[in-house]
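Inspection log for the structure reproduced underneath, given as structure tokens.
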Amino acid sequence: MVNPLLVSAGTVALAEIGDKTQLLALLLAARFRKPRPIVAGILASTLLNHALAGWLGALVAQWLTPQGLRWSVAASFIGIALWTLKPDALDEDEALPAHGAFIATVIAYFIAEIGDKTQVATILLAAKYSPLWQVVVGTTVGMLLANVPVVVLGSRFAERLPLKAARIIAACVFLALGLWAAFHGLSG
């Protein structure tokens, strides 16, 4: 039996490596130099954003037929696999909010996560797995697993992280999930 919490955590942790929100974590750490409020802001923002995304995924799953859901999930995971291969970058002209570290992180993370591949993955995972709370907790844990080390260790950690290899591994995981959904259905 597949554990939705573990699958969600692993999927999002891999997808987050090299993602724009991970780069944002590095910028926030460099700007504020206060890891605790930044990590708390990531937690709060991700819980809210992924709860909304998970709710949307569960809602969409109710609208689609099982066959339609199966092919939608398969195609979406394969699309995310391709998307994962493209490195993210933050726009140079994007300004960080001027509030304290916690508020700045909540606002910046929530906005950066809208339409991001980890949010899309959360929608897909929630459409595929239940209970919803396990998907939301899992995706939030995945975000924290990928971002807390970046915040705590700062730029030294980011320079040593093999981002290209991590993106390729993450793309392979999404491709495998898409193929699995296409050939084995969505029971699980």
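Miscellaneous remarks
- Residues that are in contact with a helix residue (DSSP H, G or I) (Cβ under 9 Å, 6 or more places away or on another chain), of a type outside the set (Phe, Trp, Tyr) and at pLDDT below 70, drawn from the stretch 146-159: SER155, ALA158
- Criterion: farther than 19 Å from LEU145 by Cα, touching a residue at least 60 places away in the same chain (Cβ under 8 Å), in contact with a Gly (Cβ under 6 Å, 6 or more places away or on another chain) and surrounded by fewer than 18 Cβ atoms within 10 Å (Cβ to Cβ) - qualifying residue of VAL60, VAL2: VAL2
- Scanning the stretch 101-139 for residues that are assigned to a loop (DSSP other than H, G, I, E, B) and closer than 28 Å to ARG33 by Cβ yields ILE114, ASP116.
- Of the residues screened, ILE38 is one that is more than 13 Å from the chain's Cα centre (by Cα), among the β-branched types (Val, Ile, Thr) and assigned to a helix (DSSP H, G or I).
- Within the stretch 23-41, the presence of at least one residue that is free of Cβ contacts under 8 Å to residues at least 12 places away in the same chain and more than 16 Å from LEU145 (Cβ to Cβ) is confirmed.
The values are calculated or read from the model by the stated rules, or taken from the named source; none is laboratory data. Quantities reported herein were computed from a predicted structural model and do not represent experimental measurements. Because the Cβ atoms are built from the backbone with ideal geometry, glycine has one as well, and the counts that use them run over all protein chains shown.
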